[in-house]
1. Among the residues of the range A:113-127, what is the count of those that are surrounded by 18 or more Cβ atoms within 10 Å (Cβ to Cβ), part of a loop (DSSP other than H, G, I, E, B) and touching a Pro at 6+ places or on another chain (Cβ under 6 Å)?
2. If you take the residues in the range B:175-204 that are without any contact (Cβ under 8 Å) to a residue 24 or more places away in the chain and touching a Pro at 6+ places or on another chain (Cβ under 6 Å), which one is farthest from B:TRP27 (Cα to Cα)?
3. Which of the residues belonging to the range A:228-258 are more than 11 Å from chain B (Cβ to nearest Cβ) and either of a type in the set (D, E, K, R) or loosely packed, with under 15 Cβ neighbours inside 10 Å (or both)?
4. Do we find that B:ALA223 is of a type in the set (Gly, Ala, Ser) and either in contact with a strand residue (DSSP E or B) (Cβ under 6 Å, 6 or more places away or on another chain) or away from chain A (no Cβ under 14 Å) (or both) in this structure?
5. Which residues, counting only those in the range B:136-163, are over 30 Å from A:TRP152 (Cβ atoms), out of contact with any Phe, Trp or Tyr (no Cβ under 9 Å at 6 or more places or on another chain) and not aliphatic (A, V, I, L, M)?
6. Looking at the range B:121-144, is at least one residue within 13 Å of chain A (Cβ to nearest Cβ) and without any contact (Cβ under 8 Å) to a residue 24 or more places away in the chain?
7. So how many residues does the range A:46-68 have that are under 21 Å from B:SER204 (Cβ atoms), within 7 Å of another protein chain (Cβ to nearest Cβ) and of a type in the set (Phe, Trp, Tyr)?
8. Which of the residues belonging to the range A:192-207 are of a type in the set (A, V, I, L, M) and either within 9 Å of another protein chain (Cβ to nearest Cβ) or outside any loop (DSSP other than H, G, I, E, B) (or both)?
Amino acid sequence: MAGFMIAAAAALMAQPPGPPQPPRSAKAAAPVDLTGNWVSVISEDWRWRMVTPIKGDFASIPVNREARQVGEAWDPARDEAAGLQCKAYGAPAIMRVPGRVRIAWQDENTLKLETDSGTQTRLFHFAPAGGAPPQTPQGGEGTWQGYSIANWERAPRGAEIPDPVPIFSVRQGGQGRSLEVATTNLRAGYLRKNGVPYSAGTTVNEYYDYHKERNGDEWFTVTTIVRDPKYLTGPWITSSDFKKEPDGSKWDPSPCTSR
Amino acid sequence: MKRMVGLIAATLLAAPVWAQVDFTGEWAPAYHEDGPERLPGPELGDYMGIPLSDAGRLRADSYDADRISVVTEYQCRPHSSDYGMRGLGNLRVTREIDPANQNLVAFHTYMPAWGSMRTIWMDGRPHPPAYAEHTFQGFSTGVWEGNMLTISTTHLKANYLRRNGVASSDKRIVTEHWTRHGNFLTVIVVVEDPVMLTEPFVRSENWYLDPGQKLPQMYCEYAAEVPAPVGSVPNHLPGKNPFLTEVAKWYGLPVEATRGGAKTMYPEYRKVMPKPINPQPAKCERFCVCTTLADCNLNETVTAPGGAPAPRR
């Protein structure tokens, strides 16, 4: 009897507060607004980001021996001759490149992120309202920005076991506030401008977290986890901080450079 | 029956303050940003990426690395709660639950570096009045913003922004934002220091869950390491510190950039950055990998281009 009552109470608590809501688009469901103009503030890794690092400098990146060999053979002139100036502007690296980003909804389920440094465009594909998650295209050559699948991160759970009617537990904050992005289908490039390599098999997981500070400044911090079975000994984890600007007046497009 | 269901439901619903995300556990730091600064330690005169005020820069310029060896009070000086997140930061987080109502009362953190223990109050208590004691860990309260834990810390003692003499004042206020993504923890630390900084100093650090981690207790013993007259404090008077340009020479950087300041932290600075006094070395020779203390090559014997000796640590 007591078990029944507890289960009933828990079931009552599990009821949604109102009638079922129709599926919403990613734009309508956004828990935070990441759109606008943002500038990267270089308070970390200054001498590896604001200037081209010294050849053979792999500091802070968990590279393996093969990556060191490739990095020590870095030749920017060779990249220029091959038209590969954008090798250090791919998705695994672009959020560490000093510059400005512009974020806007391309449509109801696609968020567009543009960079002025290297004039790159990233598209974050959400599942359409009530539809299946987007599928990564199969085959074809990788690109600098790859293919990105996005969602608004759900509250963390220890395992993917459904628990629709919790007993003796209550979940609060069923939806997180983070934008979660998973990127694959990449073209091989550089993690840093001095030729630290990543392979085409690299995957990138990102989490964009919005925060507002006491002085009213708005920021987002993106935690980036790069996995590369070819050149890294483990995940490479960085987090990059961007401050919101009132408009796009400081937007300064510039092409990719190798040096 | 109806009454009992209502009673049980009311009991389960009574707790107003849940941990929306549980940060408890053993966390190991990823030194994947600024490894050489955070592991063996920063170069003297490296203020890059810090929005230093003139006062903050003057204070940093006066620093002499012998200070810690001579002034024993410095030797066991703990890392403050804000610097600790950037420094040598293995971390344990536990939480305190009120057994009477299962409310979250506080998170507690422990970092082995100087045995730093800290409490982040989650029960809505106010900060103490301004005249209350200042400590290295300060007084912290937290609130939830969705699944982000936002922490405000006041009543801090003066400490480090970087452990090469870049100081923080006891007037600073620190805001942190903790987020957990799977088994990764990201902590954004925002330091507002009206004395040493011209704008908020925003950095973010990352940890990964390491359930097997066992943290040691740290004991610190004072010992005079360098003979010096009693009461002396090694320092450099304004304009007299000969070591401040070494980092620029060593890495082929403009001296102005190494001096920090807000203007050097924005992308447009790259267009107006002065030329370096020494060319960049052709090949990296110091701290070339550096993701752990084990792989961070000090290589103190290398001579910088232009003949400058290796920066002192």
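The values are calculated or read from the model by the stated rules, or taken from the named source; none is laboratory data. Quick caveat, the model's predicted, so the values are computed rather than measured. Here the Cβ positions follow ideal geometry from the backbone for every residue, glycine too, while neighbour counts run over all protein chains shown.
1. The qualifying residues number 1.
2. Within the range B:175-204, the match that is farthest from B:TRP27 (Cα to Cα) is B:GLU192.
3. A:ASP228, A:PRO229, A:LYS230, A:LYS244, A:PRO246, A:ASP247, A:GLY248, A:SER249, A:PRO253, A:PRO255 - these are the residues of the range A:228-258 that are more than 11 Å from chain B (Cβ to nearest Cβ) and either of a type in the set (D, E, K, R) or loosely packed, with under 15 Cβ neighbours inside 10 Å (or both).
4. yes
5. B:GLN137, B:GLY138 - these are the residues of the range B:136-163 that are over 30 Å from A:TRP152 (Cβ atoms), out of contact with any Phe, Trp or Tyr (no Cβ under 9 Å at 6 or more places or on another chain) and not aliphatic (A, V, I, L, M).
6. yes
7. Going through the range A:46-68 one residue at a time, the tally reaches 1.
8. A:VAL204
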